[in-house]
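Engineer: This structure is in structure tokens; I'll ask about it shortly.
The values are calculated or read from the model by the stated rules, or taken from the named source; none is laboratory data. Predicted, not measured: the structure shown is a model, and the values here were computed from it. Reconstructed Cβ throughout: ideal geometry from the backbone, glycine too, with neighbour counts over all protein chains shown. These accessible areas exclude ligands, DNA and RNA; they are computed on the full protein's heavy atoms, side chains included. Shrake-Rupley method; radii C 1.70, N 1.55, O 1.52, S 1.80 Å.
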Amino acid sequence: MERIGIYGGTFNPPHIGHIQAARSAMETLGLDRLLLIPVSDAPHKTLPPNSPAPAQRLQMLAIAAAALPGAEVSDLELRREGVSYTYETVLDLKKMHPAAELVLLMGTDMFLRFETWVHPEIIQENVTLAVFCRGDRGEREAIAREKAAMEARVELVDHEPVAISSTQLRRLLAFHCADDFLPRGVGEYIAREGLYDTAAHWKNLPMDKLEQVVVGLLKPSRVAHVLGCRDTALALARHWGADETDAARAGLLHDITKALDGPLQLTLCSSYGKILGDFARKYPKTLHALTGSLVAERIFGENKAVVAAIESHTTGKPNMNLLEAIIYVADYMEPNRDFPGVEQLRRLAFEDIYAALDLGLHMTLDHLARQGSEVSPETRQTLQWLNSRT
């Protein structure tokens with residue numbers, strides 16, 4: 001009996017994680033064929049506004065799968081109007097391949113929510129469920145509990161996923177540093193078609209357009225903070241006589257790469273040719289100030305003053321100028337911040353900006369001490385410089 005795997009998803013865009021997972025499934029499950037099926041309108045996920053047309057996603061997936069023997073790309077769900085439900089696809093494939101055993105691939109998170117799917121009973125009657133599993137004991141136990149509670153054939157695919165999601169990859173594409181995560185030929189297709197903002201011209205955008213672009217690149221949970229920092233930086237610049245435009249732009253862009261996790265921060269630095277010190281390599285999550293400054297300069301064309309203010313907004317640096325001090329303090333005290341001492345910091349920021357900077361840095365020292373974390377060399381140097389000013 002022929003064994004046919006079914007691997008669905010938005011594939012927006014397809015990346016090396018998809019292909020490695022497909023290869024693992026084919027080898028582990030002994031599949032004769034694997035159907036890669038991009039969805040048109042997923043019930044659990046809304047495609048972002050700048051997504052490629054369905055035909056373009058299909059073409060990218062075909063390019064990505066070309067080096068995977070036994071894999072085929074199907075437009076079955078793209079030809080179906082409306083929301084794509086898995087049970088419909090399973091029934092269609094059962095009619096097309098009545099003598100074959102169908103194997104439906106899914107991640108652990110989707111498997112653990114299987115009972116919430118539309119007509120799960122139809123799916124489990126007609127397919128074997130194959131679950132990608134990292135091998136973590138807790139994950140295996142959760143899968144075993146779910147398996148015991150359902151009447152379904154379930155197999156595991158041991159697979160360590162590539163640490164990238166399509167959402168993160170779209171950010172890397174906008175920052176022009178995604179090549180390491182794209183299957184051969186996909187990057188060239190994206191560039192040729194100008195997909196995922198790779199052909200966007202974002203240098204020297206007017207403020208309203210800049211805000212629109214920045215918001216689209218942030219995690220939704222980060223938007224209020226960034227807009228609050230922008231408004232606070234503008235108020236401080238007006239009070240202290242700094243350049244208001246530079247303050248507002250630095251406030252908007254200061255967390256532009258914050259959504260990237262530590263390994264992807266390192267990826268961006270490597271792609272941009274930035275050599276890092278020992279502390280940055282050890283604590284890559286602290287790198288968003290540096291990578292944000294690189295993106296602000298290269299992608300958004302910001303001036304040196306804005307770039308420098310973004311770069312120093314988490315650790316500080318010796319000899320900080322007025323704008324740099326304003327961005328550091330604004331990030332710390334914007335209206336959405338709520339922690340002991342923030343009201344004192346807000347008052348001090350309009351009395352003595354460098355005293356507020358000093359207070360913020362000492363708050364950072366206290367926070368890191370409670371966490372048992374190291375303090376960056378730049379922060380220590382900044383405090384020494386502030387002490388020398390008094």
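Engineer: Could you tell me which chymotrypsin sites (Phe, Trp or Tyr not before Pro) in the stretch 255-358 are loop residues by DSSP with no more than 13 other beta carbons within 10 angstrom of their beta carbon?
Structural biologist: F350
Engineer: Under 27 Å Cα-Cα from K304, which lysines qualify once same-chain neighbours fewer than 8 residues away are excluded?
Structural biologist: K203, K209, K219, K258, K274, K285, K317
Engineer: Return the loop-located trypsin sites (Lys or Arg not before Pro) in the stretch 151-204 (DSSP other than H, G, I, E, B) with at most 13 other Cβ atoms within 10 Å of their own Cβ; answer none if there are none.
Structural biologist: Qualifying residues, ordered by number: R184, K203.
Engineer: For the stretch 88-242, restrict the atom set to alpha-carbon positions and state the Rg and Dmax in Å.
Structural biologist: When restricted to the Cα atoms of the stretch 88-242, Rg and Dmax are 23.2, 77 Å.
Engineer: Report the one residue of A142, H176, A130 whose Cα lies farthest in the direction of the positive end of the charge dipole of the chain (charges on C-beta: Lys and Arg +1, Asp and Glu -1; origin at the Cα centre).
Structural biologist: H176
Engineer: Still on this structure, I have one more. All other residues with a Cβ under 14 Å from the Cβ of G262 taken together, and with Lys, Arg as +1 and Asp, Glu as -1, what is their net charge?
Structural biologist: The answer is +3.
Engineer: While we're looking at this one, here's another question. So what is the 222 nm mean residue ellipticity for the chain from helices alone, if each DSSP H run of at least 4 adds -39500 (n - 2.57) and you divide by all residues, rounding to the nearest 500 deg cm²/dmol?
Structural biologist: The per-residue figure over the chain is -15500 deg cm²/dmol.
Engineer: Same structure again: Just the number, please: carbon plus sulfur as a percent of the accessible area of the chain, 1.4 Å probe, no ligands or DNA/RNA counted.
Structural biologist: Using a 1.4 Å probe with all protein chains present, the chain comes out at 50 percent carbon and sulfur.
Engineer: Let me ask another. Give me the log10 of I(q) over I(0) for the stretch 184-335 at q = 0.15, 0.16 Å⁻¹, as the Debye formula computes it from C-alpha points; what are the numbers?
Structural biologist: -0.77, -0.87
Engineer: Something else: If you average the C-alpha positions of the stretch 225-280 and of the stretch 354-390 separately, how far apart do those two centres end up, in angstrom?
Structural biologist: Centre-to-centre distance over Cα atoms comes out at 19 Å.
Engineer: For the stretch 224-282, how big is the tail of P(r) above 17 Å, as a whole percent of Cα pairs?
Structural biologist: Result for the distance tail: 53 percent.
Engineer: Below 11 angstrom from the Cβ of P318, what's the summed charge of the other residues (Lys, Arg +1; Asp, Glu -1)?
Structural biologist: Cβ neighbours under 11 Å give a net charge of +1.
Engineer: Of H97, V226, A71, whose Cα points farthest to the positive end of the dipole of the chain (charges on the beta-carbon: +1 Lys, Arg; -1 Asp, Glu; origin at the Cα centre)?
Structural biologist: Projecting each Cα onto the dipole axis, the largest value belongs to V226.
Engineer: Dividing the convex hull volume of the alpha carbon atoms of the chain by its residue count, what do you get in Å³ per residue?
Structural biologist: 160
Engineer: Starting from a Cα-only point model with no solvent, please compute log10 I(q)/I(0) by Debye for the stretch 282-332 at q = 0.13, 0.26 1/Å.
Structural biologist: Summing over Cα pairs of the stretch 282-332 leads to -0.28, -0.98.
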